[in-house]
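Reviewing the structure listed below.
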Amino acid sequence: MMRQRVIALFTMSALLAGALSTAAAAEDPPGAAPRPTVVVDNTDAALTPDGAWSRSSSLPGYYGANYSHARPGPDDPIARWQPLLPGAGDYAIAIWLPHGNDQRSPAVTYRVHHAGQVTTFEVDQQQAGGYWQRGPNSLPFDGSGDEYVELVVNDAAASGSSQTYVIADAVRFSDPADPPQPPGVPTGLTVTQEYGFATVAWDPVETANEYQIERTPMDGDQPAGPGAVVGRWLPDRHVGADGEPVGVTTFADSGFVLGERYRWRVRAVTDGVAGEWSEPVDGATEAMTAPPELRTGFELSNASSWTSHEDELAVLESIAAASDRVRLETIGETYEGRPIHLAVVGDGGADKPSVLISCTVHGAERSGREACLILLRDLAFSDDPWVTAVLSRTTVLINPTANPDGQAVGRRTNAADQDLNRDNLPLRHPESFALAEVIRDHRPDLVVDAHEAPAGADTAPMWPRSLTVDEPLWRLSQDDMTLGAHFTAGHAAGWSLLPYDGWGYDNWENWLHNVAGLKNAMGQLLETPSGSSVTRPEAPTNSPPNLRRRVYTQLWSFRTLLDYHHENLDAIRAAITAAETAQEANDGPVYLDGAYEPPFHPPRNERNTVSLDPPPCGYRLTDEQLAVRESGTLIGERAGEAWTSHTVGERLAAHGVEVEEIGGGFAQVLLGQRMRAVIPFLLDPELDTAVRPVGTPNLGMVDAVRLDDRRATVVVGDADTGVPNQVDQAGCSINDLIADEQVWPSQGAFVRHVDDVLGDLVDDGTIDDRQAAGITRAAARSGVGR
């Protein structure tokens, strides 16, 4: 008999076994109390062998703390859920799984060993999860303690993907229940058209744990083809700041052809049983109005392909030539000679607030780039009140392709094989260097960085989390902008949002949105899934509906974040000003690792292991260190050729870090400046911490000398002056400022340096003339520079 692919269908042999069984399960007397429910989670199940199974919380909708997964292989992984039942009787079996995807098995067989029998049923693990999926409804158990549900991974059907996984989450043993009744019919259906998507909303139906959204193409008021379920609303689609579902019944339908007319209906589903369809709503979707010469390759191909590099250049130049709102700048050039562009939209005044949107730093993640180009065109030409309002207060900076060489060939890295989102601190490569100069020169209030992930919510945002980011600025980014405004807007529009938790221990401080926070700006990482999703069954990976959803999700987020900036500008500028003031005061500890605690479950965090409290005065380095360049070998078109970075001095300048020459071939970088939070990640000699092991690349430029001398008196060389080692308001002691640890070219040069330091200290009242004279005498006797 052919097995059917349904969420939870048990075979005819299982039905017969259950119906004809005469096993020794005691019959319940009339009026007996319901049997207690027993749940065995994956954390209590027997998963063998140990090394074959891994725990994860990446997929939403899991039961308890996590779920387990394994792949078929020679280890023959097996999961066994053995309940501690209170006694003999009939039990219903149900399975809990997280949401699936096309990397999961479409046919997983569960074997129920009960009362000397074996009953099998099958589950499609690619489908939706987050609720109890019913298996056999009434199986006899003898309560012997030797009964269990078993899953043999190697028996699972391959998914068609090169990565077939089998999930083990929870199994429930409960009192047999009557078959679920169909839920009621949804009412209050509305469909609101937006650019690239339609918000479908309806009134909730009691008992429903899923809704299905149907879309039918229309010719006038008649169907032009069959309808299809294009969306599945699941209970965890919309969550609040605490990660708990908020129950909003909206769905952002995307993937259709813009300008076409459609009909929408919704039906409720309870435990896999569907109710009747709602009354329909017809509507025409928003059409594309741009002339062909201003359309992207993505738009001209009707979403069957991405825009080529050449087409991108043509669109950018056409927009800039036709709009007096846009200035197109070439801010750098890649190793393969491609221009790195910045479109400045608005008057670009030096004191005008700005927002930077950067896209496709990973060359194969192209949806953000397409959304950047569409947004640029809208801002350049539209007379929509929203555009007028945004540009009245804000200059919008758009970097459509942060990695042109990688994008041209669909490669994550640049032509030096560098992940550029791990280069925003050391700035070894031209793409990162150019973007840092943009941030230095324009000082944007908000930096948005668009990415793609294999799977997840429609949008997974993240904010700066380094502990050295000023706390009020971090809270504004997390609580107000992201979990407040962005999530709330997603609930209304129908997009699902979950915080991005895919970061790992790979120097994530380098990620652009986090570097924005280190530079006293708000930052937002955006991840949209590139793969298929159980919530959008008619949009397989890389199909036109899939590409449209990816692009228009990003475009919606860009507009939402521009809205937030426009509406909260005063609060944002106040938080930035306070952060800059705190950094210039060198106030508070310096954290070399660790992140603020995340507000989602389970918490995935990097603990702090190294903090400098009190903070150092700064760092000292030699002119030779300032001249250091890094180098390597290219791949791609120029494979085998060498690349060479800018010098350390040039890279510090690109960040806007203030460097002071002190003579004798030395320079110092004091922490009492706006870029304070960035500096330790560039110069500290102890960046290899317990959570950032030795050998992890892409953090730090050179190992400078940390200035943190808190000895009680001023000591020059080996000479103790007896003068109190005063510490100024920026955290610098007199010993910090006197560079006696360095090898000076002459004693005269060293003494002149000491006199310069003492002159400033006398002027600001830190020491008096008598104390300064004593320190000068000690410098002359010290032997430093001889």
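The values are calculated or read from the model by the stated rules, or taken from the named source; none is laboratory data. These numbers were taken from a predicted model, which means no experiment stands behind them. Backbone-built Cβ (ideal geometry, glycine too); neighbour counts: all protein chains shown. For the accessible areas, the whole protein counts, side chains as well, though only heavy atoms, and no ligand, DNA or RNA atoms are used. Shrake-Rupley method; radii C 1.70, N 1.55, O 1.52, S 1.80 Å.
Could you check region 85-107 and list, in sequence order, the residues that are part of a strand (DSSP E or B), open to solvent by 20 Å² or more (accessible area, probe 1.4 Å) and either of a type in the set (D, E, K, R) or at positive phi (or both)?
If we filter region 85-107 for residues that are part of a strand (DSSP E or B), which is where we start, we get 89-96, 104.
Among the residues that remain, those that are also open to solvent by 20 Å² or more (accessible area, probe 1.4 Å) are: 90, 96, 104.
Scanning region 85-107 gives 90, 104.
Each residue in region 381-401 was checked for being over 17 Å from residue 311 (Cβ atoms) and open to solvent by less than 10 Å² (accessible area, probe 1.4 Å), and 7 of them qualify.
Restricting 473, 483 to those that are part of a helix (DSSP H, G or I), open to solvent by less than 10 Å² (accessible area, probe 1.4 Å) and of a type in the set (A, V, I, L, M) reduces the list to 473.
Within region 535-571, the set of residues being open to solvent by less than 40 Å² (accessible area, probe 1.4 Å) and of a type in the set (Lys, Arg) comprises 536, 548, 549, 550.
How about region 627-643: which of its residues are farther than 10 Å from residue 335 by Cβ and either within 29 Å of the chain's Cα centre (by Cα) or not aliphatic (A, V, I, L, M) (or both)? Listed by number, the residues that qualify are 629, 630, 631, 632, 633, 640.
Listed here are the residues, each with its yes/no results for (1) more than 22 Å from residue 546 (Cβ to Cβ); (2) among the charged types (D, E, K, R).
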| site | (1), (2) |
| --- | --- |
| 184 | yes, no |
| 188 | yes, no |
| 210 | no, yes |
| 219 | yes, yes |
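Annotation: of all residues in region 108-150 being small (Gly, Ala, Ser) and closer than 20 Å to residue 232 by Cβ, the one that is surrounded by the most Cβ atoms within 10 Å (Cβ to Cβ) is 129.
Whether a residue is among the small types (Gly, Ala, Ser) and either open to solvent by 50 Å² or more (accessible area, probe 1.4 Å) or farther than 20 Å from residue 61 by Cβ (or both) was assessed, and residue 231 does not pass this test.
Would you check if there is a residue in region 152-160 being at pLDDT below 95 and in a strand (DSSP E or B)? Give the steps one after another, and end with the answer.
Step one: filter region 152-160 for residues at pLDDT below 95, giving 152-160.
Now narrow it down to the ones that are in a strand (DSSP E or B): 152.
Within region 152-160, one or more residues are at pLDDT below 95 and in a strand (DSSP E or B).
Among residues of region 572-626 being among the aromatic types (Phe, Trp, Tyr) and open to solvent by less than 40 Å² (accessible area, probe 1.4 Å), the one that is farthest from the chain's Cα centre (by Cα) is 619.
Could you tell me whether region 372-382 includes any residue that is farther than 24 Å from residue 526 by Cα and either under 21 Å from the mean Cα position of the chain (by Cα) or in the same structural domain as residue 564 (by the TED database) (or both)? Reasoning before the result, please.
Of region 372-382, the ones farther than 24 Å from residue 526 by Cα are 381-382.
Within this subset, residues satisfying the condition of being either under 21 Å from the mean Cα position of the chain (by Cα) or in the same structural domain as residue 564 (by the TED database) (or both) are 381-382.
Scanning region 372-382, I find at least one residue that is farther than 24 Å from residue 526 by Cα and either under 21 Å from the mean Cα position of the chain (by Cα) or in the same structural domain as residue 564 (by the TED database) (or both), so the answer is yes.
Looking across region 298-337, the residues that are open to solvent by 10 Å² or more (accessible area, probe 1.4 Å) and either at pLDDT below 95 or in contact with an Asp or Glu (Cβ under 6 Å, 6 or more places away or on another chain) (or both) come down to 318, 336. Total residues in region 280-293 satisfying the condition of being outside any loop (DSSP other than H, G, I, E, B) and either open to solvent by 20 Å² or more (accessible area, probe 1.4 Å) or in contact with a Pro (Cβ under 9 Å, 6 or more places away or on another chain) (or both): the figure is 5.
Within region 627-638, which residues are part of a helix (DSSP H, G or I) and buried (at least 17 other Cβ atoms within 10 Å of the Cβ)? Spell out how you get there, then give the answer.
Let us first name the residues in region 627-638 that are part of a helix (DSSP H, G or I), namely 636-638.
If the condition is that a residue be part of a helix (DSSP H, G or I) and buried (at least 17 other Cβ atoms within 10 Å of the Cβ), then 636 is the only one that fits.
Listed by position, the strands (runs of 3 or more DSSP E) contained in region 172-228 that have at least 1 residues being more than 18 Å from residue 253 (Cβ to Cβ) and either free of Cβ contacts under 8 Å to residues at least 60 places away in the same chain or open to solvent by 40 Å² or more (accessible area, probe 1.4 Å) (or both) are 210-219.
Condition first: under 17 Å from residue 460 (Cβ atoms) and not in a strand (DSSP E or B). Now tell me which residues in region 229-241 satisfy that. Before you say what the answer is, go through the steps one by one.
First pass over region 229-241, keeping only residues under 17 Å from residue 460 (Cβ atoms): 234, 236-241.
Correct list: 234, 236, 237, 238, 240, 241.
Within region 353-363, can one find any residue that is over 28 Å from the mean Cα position of the chain (by Cα), open to solvent by 10 Å² or more (accessible area, probe 1.4 Å) and not aliphatic (A, V, I, L, M)?
Filtering region 353-363 for residues over 28 Å from the mean Cα position of the chain (by Cα) gives none.
Looking through region 353-363, none of the residues is over 28 Å from the mean Cα position of the chain (by Cα), open to solvent by 10 Å² or more (accessible area, probe 1.4 Å) and not aliphatic (A, V, I, L, M).
Got at least one residue in region 256-264 being at positive phi and surrounded by fewer than 18 Cβ atoms within 10 Å (Cβ to Cβ)? Yes, region 256-264 has at least one match. Could you check, for region 114-124, whether at least one of its residues is under 25 Å from residue 454 (Cα atoms) and part of a loop (DSSP other than H, G, I, E, B)? Checking region 114-124: at least one residue is under 25 Å from residue 454 (Cα atoms) and part of a loop (DSSP other than H, G, I, E, B).
Out of the helices (runs of 4 or more DSSP H) lying entirely within region 360-457, which hold 1 or more residues that are farther than 23 Å from residue 294 by Cα? Talk me through it step by step, then tell me what you get.
Working: elements: 367-381, 385-393, 404-409, 430-442.
Output list reads 385-393, 404-409, 430-442.
Identify, please: which residue in region 528-540 is assigned to a loop (DSSP other than H, G, I, E, B), of a type in the set (Ser, Thr, Tyr) and more than 18 Å from residue 369 (Cα to Cα) and is, among those, farthest from the chain's Cα centre (by Cα)? Walk me through how you get there before you give the answer.
Filtering region 528-540 for residues assigned to a loop (DSSP other than H, G, I, E, B) gives 530-532, 534-535, 537-540.
Add one more test, that the residue is of a type in the set (Ser, Thr, Tyr), and what stays is 530, 532, 535.
Restricting the remaining residues to those that are more than 18 Å from residue 369 (Cα to Cα) gives 532, 535.
Details: 532: 18, 535: 20 Å.
Of everything passing the filter in region 528-540, 535 is farthest from the chain's Cα centre (by Cα).
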